[in-house]
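Structure first, commentary second.
The values are calculated or read from the model by the stated rules, or taken from the named source; none is laboratory data. Since we're looking at a predicted model, the values are computed, not measured. Quick reminder, even Gly has a Cβ in these numbers, built from the backbone with ideal geometry, and neighbours come from all protein chains shown.
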Amino acid sequence: MSASTPRKTPTPALTTPIVLLMATATGLVVASNYYAQPLLHTISQQFGLSETAAGAIVMTAQLGYALGLMLLVPLGDMVERRSLIVVMTLLSACGLLISGFANSFPMLLIGTALTAILSVVAQVLVPFAATLAAPEQRGKAVGTVMSGLLLGILLARTVAGGLGNLGSWRIVYWVAFVLLVLTTGALWRVLPRHKPQNHLSYTGLLASIFHLYAREPQFRARSLLGALTFAAFSMFWTPLTFLLASPPYSYSDGTIGLFGLAGAAGALAANRFGRLSDQGHGNLATRLGLALMAASWLLLALGAHYLAALIIGVVVLDMMIQGVHITNQTSLYRLQPEARGRLTAGYMTSYFLGGAAGSMAASALYAAAGWLAVCAGGALVCVIGLVYALCSPSARLPENHPTAPER
């Protein structure tokens, strides 16, 4: 009885202002890992890097994020969440400052890695929103916060390209540092305090992630689908800068960054797919998303010469990737409510490992055979995900059971 009392007292209802702040903070902190993408051409020129070497910036961010997911996100099931969120956000901002003042490529990679490792605070905010939300609103709440995350990923390119045109790519990192510091103050003032009722040690928390993988087939299946979808996402965005900086486009950094606006349309799918999951149609959302992702690569291939095809392909690809991601997360948060931090850690680690693999594959494919090879590889990844979703019983969710009870 005494153990249940502290659980109820400090957990207020999830209000609209709190959801919006969570979405904003999630977007800003995750954006820190993507500012470099429209600037890769400029950064590679300054440090004398090849296209493949410049891709190491993106790969470092994704691998650092994966490391933070595994080592830091599980702390959300162990320590007071508001304090954890505030400290991680502030330290992530420090990594931006190192990147902004980097006078060598290794120093830039160090700043990138520090920011990436700590920016996993976004994945502490998402399950926190799921915890505060009422069960029948959980998909919508997760979708809203994840909309902020996707907008951060995509608009980071637009903002970075615009600020980069003002004089230096370093300005991007300085402005981002200031924004994160201000966000830290807002999080401290607005977020409720919440101490999870979990008595596992830190090593026990980490070990339990592997136990969850062993016990929950749906956790394994959805983690694999997440890895495949984010691999496809990274396979498009990593080499896009080089495509757009070369003929027939020959765009500037600022113009390249505007493509993030087209991709930001994917955020529109977040709430819709979250509602579909709340209503028990998660399988339909998953299969539709993967099928349209595969089809979008045909448009993206045409985009090597036709701008309209490239823009439409970007919108469809990002919208469906976000939709499948929301469906994955909503399904996982119904498995074990007391383990949401660890479920997020395991799932998102797979997700960003997939992204890192996609970045590496895309850089190699583009260097070896150009844009069409990248598109063929991306389409293959999506087809593999679709076949798995159709054929694997573990990937299927219970249908027509909206707001399924938690177990």
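Within segment 191-219, the set of residues being part of a helix (DSSP H, G or I), surrounded by fewer than 19 Cβ atoms within 10 Å (Cβ to Cβ) and of a type outside the set (S, T, N, Q) comprises Tyr202, Gly204, Leu206, Ala207, Phe210, His211, Tyr213, Ala214, Arg215, Pro217.
Going by the structure shown, is Arg272 part of a helix (DSSP H, G or I), at pLDDT below 85, out of contact with any strand residue (DSSP E or B) (no Cβ under 7 Å at 6 or more places or on another chain) and among the charged types (D, E, K, R)? Here the answer is yes, as Arg272 does meet what is asked.
Residues in segment 344-393 that are hydroxyl-bearing (Ser, Thr, Tyr), in a helix (DSSP H, G or I), more than 17 Å from Gln37 (Cα to Cα) and over 21 Å from the mean Cα position of the chain (by Cα): Tyr388 only.
Answer yes or no: is there a residue in segment 187-198 that is touching a residue at least 24 places away in the same chain (Cβ under 8 Å) and closer than 16 Å to Leu343 by Cβ.
Yes, that holds for at least one residue.
Determine the pairs where a residue that is under 19 Å from Leu298 (Cβ atoms), located within segment 359-373, has a partner that is among the polar types (S, T, N, Q) and assigned to a helix (DSSP H, G or I) with Cβ atoms under 6 Å apart, the partner being 6 or more residues away or on another chain. Cβ pairs passing all conditions: Ala362/Thr238. Within segment 109-129, is even one residue of a type in the set (Ser, Thr, Tyr) and out of contact with any Gly (no Cβ under 8 Å at 6 or more places or on another chain)? No - not one qualifying residue is present in segment 109-129. Selection of segment 64-105 for residues being touching a residue at least 60 places away in the same chain (Cβ under 8 Å), crowded, with 22+ Cβ neighbours inside 10 Å and among the aliphatic types (A, V, I, L, M) yields Ala66, Leu69, Val73, Ile85, Ala93, Leu96. Applying the condition of being among the β-branched types (Val, Ile, Thr) and within 25 Å of Phe230 (Cα to Cα) to segment 149-171 and asking which residue is nearest to the chain's Cα centre (by Cα) yields Ile153. When you scan segment 274-283, do you find a residue that is of a type in the set (S, T, N, Q) and surrounded by fewer than 24 Cβ atoms within 10 Å (Cβ to Cβ), even just one? Within segment 274-283 (the criterion being of a type in the set (S, T, N, Q) and surrounded by fewer than 24 Cβ atoms within 10 Å (Cβ to Cβ)), the answer is yes, since at least one residue qualifies. Within segment 324-351, the set of residues being touching a Lys or Arg at 6+ places or on another chain (Cβ under 7 Å) and among the small types (Gly, Ala, Ser) comprises just one member, Ser331.
Between Ala116, Ala122, Ala133, the distinction of being at pLDDT below 80 and under 23 Å from Leu75 (Cα atoms) belongs to Ala133 only.
Taking residues in segment 127-142 that are surrounded by fewer than 21 Cβ atoms within 10 Å (Cβ to Cβ), and partners anywhere that are β-branched (Val, Ile, Thr), the pairs with Cβ atoms closer than 6 Å and at least 6 places apart or on different chains are Pro135/Thr403; Glu136/Thr403.
Report whether or not Leu163 is among the aliphatic types (A, V, I, L, M), more than 24 Å from Leu20 (Cα to Cα), part of a helix (DSSP H, G or I) and without any contact (Cβ under 8 Å) to a residue 24 or more places away in the chain. For Leu163, the condition - among the aliphatic types (A, V, I, L, M), more than 24 Å from Leu20 (Cα to Cα), part of a helix (DSSP H, G or I) and without any contact (Cβ under 8 Å) to a residue 24 or more places away in the chain - is met.
Taking the stated definitions as given, is Val86 closer than 19 Å to Arg342 by Cβ and β-branched (Val, Ile, Thr)? Spelling it out, it is not the case that Val86 is closer than 19 Å to Arg342 by Cβ and β-branched (Val, Ile, Thr).
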